[in-house]
Structure formats: structure tokens, C-alpha cells
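Q: Okay, handing you the structure first.
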Amino acid sequence: MLINTKKCLKLSLLSVATAILQQIVFAQTVALPRIDINTEGNKPITSKVDWTTMTFSLTDPSNPQNNISALDSQQIRGRGNSSWNASWNIITPALPDGTRYRNPYRIRFKKSQQQSPFGLPAARNWVLMNADPDKNSIGLELGKRLELQYTCSYNPVEVYINNGNSGKYIFTEHRQADPAYIGAPGRPKVHLTEGWFIEMDRYYPEDEPIKFHTESYYLPVIVKSPEFENADSLDPRYDFVKNDLNRIADLMSSYDFPENGYRDLVDAETFIKYFLVQTIIQNIDIFRKGTETGNHIGSAFFYKDKGGKIGAGPLWDLNWSFLSGVQGGATMGPNQFPYMVHPWLARFFDDPEFLVRYIEIWNEKMTQIESMRSFIDEIVRKFKTGTELTSSLNSMTSFYDGRLTYLKTEYNKVNARPRIKNFRARGYNYSQVSPSAVTLVSYGEMSNLSASLQKGASSDFEITSNPNQTSTGKGGYLAAVGVKPKSGLAISPLRDSTINVRTNRDTTIKIQQIPYLSPSRDSIIIVKTKHDTTIRIQIPTPYRDTLVLSGTKQGSAFTLKIPLNFVVAATEPPEPPVSLLPQIAATNATATIQIYNVGGKKVTSYISTSSVNNIVSLNHLPPGIYIVKISRGNEHKIMRIAVR
């Protein structure tokens, strides 16, 4: 067979030309909008505090309607924490003005020249985000597809500073309460003086004027709104923010969670969608573990409008996602962490109603979640080229596919909440402990349900009601089992005996034998004294048992074991009466002491007529957090106490 070499050569040249033309066309179609920032005197932007005057312009070759002609006398400054002057964002060679880092920036237009770039609601404040703009875009797009309210927009842009190419960013909203009180992407609708918008962040920056830690969970709260003038963290105008966040933290840390009214305070759907995005992309800022105070939380935003519920969002700083291996002190990967790990965030999943709704929304939004696969391919191509593009696409799509496979398996399992059930009673009121529910949670109906006790050596529990399955009507099923300690548990007091052990640094450890719960088990109090400070740690040995829950789902058998513990506080008999910690002391005559639960309901009150210290015992109250108000004439004192 004869081959026409001339024809083949022509075809070959034509193919090459076509490929080149296609690359040119592709390059033209994906050309990013360009932002030009020219500072006054071409000064580099070196501060995250001081504003630099600049001229701003936006040119969008694919949509000229987005163009913004040069606006002079606008302002720009740096922003961010780990992404500011980061070693992984070095510009080589440096820009003409000497800038060496592709830093993040905040832009502020004049009040009279608020802008609506890319057709977004007009605003004065905007952000150029530099850290892994592809990952941030993926997380924000997922938030939009899950319909998480106030999710920020993302607009890929190429930024030039003083005529030097600073690289690719996303142009997005500056997170703040919407000044117009309407609500917009990145800007929750929050009353500017009677609502609030906060960030929880492990960095707890020194330059943030309004910040505090909650008493329960020690959450690092940075207040973004309200923005009162001449205020600091002790300003009483922020007390309502502290009260709201302390209240929800206290309720969620309480022994009677979740049946204590906490659900009335939170917009569960926003928390669920917020958690789903963070979990699917596995953002380390949420899953990170610290070395000093346990699990950390970072770049997490929450809001509450006047008279409204606490909502979660907007999403932010999602660049620490799609990672495997040891990252930030935690081992990450697609087969890790199906649920939140931070103690406060994880607590939501101890609520069976929250958990079943979480799994329902996961299934309801599966089409949108799976459709992200093609978006990942599309958005990464806007920010990466060459071998970096190939590597990023392979790792991110592989991670996403593996992640969905893992989560589908985990969320199809039958769960039980709580995973460990602790019963507590104070003093000799242990026989009054009420039955409590352990609830099976499933997406899909369960069958052949049964409950039994795996008796322990000192067990004395009973099942008060068998599994009772109910449907949510949205694919979820709940089956509650009643269980409680039996009444009449014997308790035999022993005389106190004390052993002092001398240790280094003049520290004394005192081990004291106290009333115990069974003939073979002692309760122990360890008292550690150092520098005249005494720390009391009570370690009573509980009655133990295991609740065994069995059944089938989709033809597969399951068995779940729930440890049961019953702790009786080791106290003396009520006769003669004694006062134990916590105690309240009122030193002046005619003092009124009012005690409220964290839900705001008054539970008891006292009137002190003594001119000396008046000690009030709270042993009769159930364990939990209480608000105590002491009033003497025009003087008032409010304190928080914990009854354990």
C-alpha cells in the first residue's frame, strides 16, 4: 500500500495547527477578570492595620458589564493570619514595588462609592483571598448547592499591584453584619445593635478589641458585630452577646442535654449544612487538634438576629482541606472523621433529632454533592496549569471520590445516642433518678429490634421500655429505649482515713477514703494542695452495665453496646444537715438570693436576715449550671455556679 506522505504531512500540520488554535481559544475563554491596584506613590502594602490609599479598577474580558473604571482615593490593607507573608506564597521575582508575598487584602471603597462587582449587592468592604483559591471556591460552591444561607460568593481574578502580577485570587465579600439589614452573601441579616455576628478562632488575635471565652467549652469568641464606639471587652453593652453564647454552651454541656430547651435557641438546618460542607472537604480548621487545650476551632462564624435563633455561617478559610497525612496535629484523609471532633461541635451529634436530620439532609442533597465532581475539574483549571494542574486534579478528585464513598458507608450505619449513658444522683436521693432514653438513629427503617442488659458484677439497672420506632417522614427513623438504675441501691459509709504523700516541689497529695458504693469498691477524693490552692477531684466508682441493642436494617444485622454508669455522689446522710460546695455567701443583712436555671426559669429563692455569712446549700438541685442573683438594697451581684 502506497502512503501519500505529502497528504499525511498536511494532515499532521493541520492537527498541530488545530491543537494550537484550540489552546489559544481555550486560553481566551478562561482568561480571568483583572484587578489593578495602584497605591499612592507605588508604596508596597505592608500593614494589616493601617490603610494605604490606592486606585482600583476591574476589567472583565468575558463580561464587560463587570468592568469598573479607575476609582481613585480608595483604601487597601493586609489581612489574614497564617496566609499573611506566608513562605508558601512567595513571589519570584519580587514585584516592582518590592512586594515579595502574594498576600491577602481587604479593600474599602468610599462610603459614597460603594461597589457591586460581578453583579453582587453593593457594599463598601471586599476581600482578595489568596490561599488556595481553588479549594475555597469548591467549599463555597458546595455551600451554595446545599443552600447554606449567607454563603460568600467567589470570583476568580488575576491581581496586579503597582503594575506587577501578584497572582490569582478570589474576590469575595468581607464578612460582616449587613449594614443594610437585608442579608447578602457573606453578610448575615443581623440587627446592628441588638443582634450579633461572631467568629470563633484559636488565634484569638490581640488586635481584636472585643473578645471573650465562654465558661463552658472555653470557646474563643471574637465579636464582629455590634461595633460600639469606644468599647472594650468589658463594655456592658456586649453582655447580651456573652449571655447568649454562655447560655447555649451551658445548655449543651449540661447533664440533661438535649432535652433542656437548647433546640429552641439554634437554627439546626444552618448548623447541619455548615457541618456537612466542613466534613465533606475535611477542613482542618474545624478538625485540627491542639497540644494544650484539646481540639481547636478556627475561622468558624455564627450569628443571631434580634429575637432570632443562632445560625451557623458563613463559610470561610477553607484552604486547609483535601489533605491527607498528619496535618495540624491530626491525621487526615478521606477515611477519617465522619462527624465533628471539637467538643462543642461534636455535642450537636449527641442529640438524636439533630443526627437524624443531618443524615436526612445528606441524602436529600446527594445529587448536588455528587455533581461537585465536574465543578472541581472546572475550577481547578482556572487556577492551575501544567504539572501543577495535573497533580491537583488527581489528588483532589481522588480525595473527593474516596470521601463520598466513606461517608456514604458511615451515614448508612445505625447509630445510638448517647454513646455512653451516665446517671448521677446527689447524696441519698439516688432512688429518685428518672428513666432516660437511649435512642437508635437510622436512615431507613429498622426491624427485629431488641434490648437487653449485659450484667456487670455490681449491676443494678433495668429496662423500663423496649425499642419504640418512629418515622420522621423524611427517611429517618428513631427508636427509643428506656433505661434506669433500680431504686434502693445500698451504700455503706466508712470512717474517713487519710494518707498524706510528700512529692517534689512541696506538693502534698492527700488520698482520702470516703463512703463507697459496694462492698468491694471505694470512692476516692484526691486533694492537691499547691501554693495554698486546693483542687478537689471526686472519683466515685460507679455501678456499671452495658445496654445491648440489636436489630436488622436493609437485611443486615447490627448490634450496638452502650456502657451504662451510675454514680452516687459520696456525701454524708442528710441528718444532721450539712452544706456542701457550691455555696453562696451573703455578708450583709436582708439579702435576697434568687437562683435561675440556664433557661431563665427561677428554681428557688432565699432571704438572708443574718449579719454574718449565710451559707446556702444547693444539694437538692439537679446537677447543672445555675445563675445566682444576690440583691442587697440597690446592690446586685450575678454569678454562675455549677452543681455537680
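The values are calculated or read from the model by the stated rules, or taken from the named source; none is laboratory data. Just so it is clear, the structure is predicted and the values come from calculations on it, not from any experiment. Backbone-built Cβ (ideal geometry, glycine too); neighbour counts: all protein chains shown. With ligands, DNA and RNA removed, areas are computed over all heavy atoms of the protein, side chains included. Shrake-Rupley method; radii C 1.70, N 1.55, O 1.52, S 1.80 Å.
Q: Between a first residue in segment 56-78 that is loosely packed, with under 15 Cβ neighbours inside 10 Å and a second residue that is modelled with pLDDT under 95, which pairs have beta carbons less than 6 Å apart while being 6 or more apart in sequence or on different chains?
A: PRO61/ALA31
Q: Taking segment 392-415 on its own, how many of its residues are among the aliphatic types (A, V, I, L, M) and either part of a loop (DSSP other than H, G, I, E, B) or open to solvent by 10 Å² or more (accessible area, probe 1.4 Å) (or both)?
A: Filtering segment 392-415 down to residues among the aliphatic types (A, V, I, L, M) leaves 393, 396, 404, 407, 414.
Retained after the next criterion (residues that are either part of a loop (DSSP other than H, G, I, E, B) or open to solvent by 10 Å² or more (accessible area, probe 1.4 Å) (or both)): 393, 404, 414.
The qualifying residues number 3.
Q: Right, GLY195: out of contact with any helix residue (DSSP H, G or I) (no Cβ under 6 Å at 6 or more places or on another chain), surrounded by 21 or more Cβ atoms within 10 Å (Cβ to Cβ), over 28 Å from PRO133 (Cβ atoms) and of a type outside the set (Ser, Thr, Tyr) or not?
A: Considered against the rule, which asks whether it is out of contact with any helix residue (DSSP H, G or I) (no Cβ under 6 Å at 6 or more places or on another chain), surrounded by 21 or more Cβ atoms within 10 Å (Cβ to Cβ), over 28 Å from PRO133 (Cβ atoms) and of a type outside the set (Ser, Thr, Tyr), GLY195 comes out as yes.
Q: Sticking with this one: In segment 163-174, how many residues are in contact with a strand residue (DSSP E or B) (Cβ under 6 Å, 6 or more places away or on another chain) and either in a loop (DSSP other than H, G, I, E, B) or open to solvent by 10 Å² or more (accessible area, probe 1.4 Å) (or both)?
A: The number of residues fulfilling the criteria is 2.
Q: Right, something else. Output the number of the condition that GLY325 fails; it satisfies all remaining conditions of (1) in contact (Cβ under 8 Å) with a residue 12 or more places away in the chain; (2) of a type outside the set (Phe, Trp, Tyr); (3) open to solvent by 10 Å² or more (accessible area, probe 1.4 Å); (4) closer than 30 Å to TYR204 by Cα.
A: Unmet for GLY325, out of (1) in contact (Cβ under 8 Å) with a residue 12 or more places away in the chain; (2) of a type outside the set (Phe, Trp, Tyr); (3) open to solvent by 10 Å² or more (accessible area, probe 1.4 Å); (4) closer than 30 Å to TYR204 by Cα: (1).
Q: Scan segment 148-157 for residues that are open to solvent by less than 10 Å² (accessible area, probe 1.4 Å) and more than 16 Å from GLY183 (Cα to Cα) and jot them down.
A: If the condition is that a residue be open to solvent by less than 10 Å² (accessible area, probe 1.4 Å) and more than 16 Å from GLY183 (Cα to Cα), then VAL157 is the only one that fits.
Q: Report yes if THR331 is polar (S, T, N, Q), exposed (fewer than 14 other Cβ atoms within 10 Å of the Cβ) and not in a helix (DSSP H, G or I), otherwise no.
A: Yes, satisfied.
Q: Kindly indicate the residue of segment 437-458 that is modelled with pLDDT of 65 or more and more than 27 Å from ASN412 (Cβ to Cβ) and also surrounded by the fewest Cβ atoms within 10 Å (Cβ to Cβ) among those meeting that condition.
A: Among those residues, the one meeting the criterion is LYS455.
Q: Okay, moving on. Inspect segment 84-94 for any residue being within 24 Å of LYS384 (Cα to Cα), of a type outside the set (Asp, Glu) and in contact with a helix residue (DSSP H, G or I) (Cβ under 9 Å, 6 or more places away or on another chain) and give the result as yes or no.
A: There is no residue in segment 84-94 that is within 24 Å of LYS384 (Cα to Cα), of a type outside the set (Asp, Glu) and in contact with a helix residue (DSSP H, G or I) (Cβ under 9 Å, 6 or more places away or on another chain).
Q: For the subset of segment 363-377 comprising residues that are assigned to a helix (DSSP H, G or I) and either of a type in the set (D, E, K, R) or in contact with a Cys (Cβ under 8 Å, 6 or more places away or on another chain) (or both), which member is least open to solvent (accessible area, probe 1.4 Å)?
A: ASP377
Q: Let me ask something else. Considering only residues that are over 21 Å from SER371 (Cβ atoms), of a type outside the set (Asp, Glu), open to solvent by 10 Å² or more (accessible area, probe 1.4 Å) and outside any strand (DSSP E or B), which ones fall in segment 118-137?
A: Answer for segment 118-137, where residues must be over 21 Å from SER371 (Cβ atoms), of a type outside the set (Asp, Glu), open to solvent by 10 Å² or more (accessible area, probe 1.4 Å) and outside any strand (DSSP E or B): PHE118, GLY119, LEU120, PRO121, ALA122, ARG124.
Q: Also: Considering segment 79-103 alone, what residues qualify as being open to solvent by 20 Å² or more (accessible area, probe 1.4 Å), in contact with a strand residue (DSSP E or B) (Cβ under 8 Å, 6 or more places away or on another chain) and not in a loop (DSSP other than H, G, I, E, B)?
A: ILE90, TYR101
Q: One residue is enough: does segment 138-147 have a residue meeting the conditions at pLDDT 95 or above, among the hydrophobic types (A, V, I, L, M, F, W, C), open to solvent by less than 10 Å² (accessible area, probe 1.4 Å) and assigned to a loop (DSSP other than H, G, I, E, B)?
A: Yes, segment 138-147 contains a residue that is at pLDDT 95 or above, among the hydrophobic types (A, V, I, L, M, F, W, C), open to solvent by less than 10 Å² (accessible area, probe 1.4 Å) and assigned to a loop (DSSP other than H, G, I, E, B).
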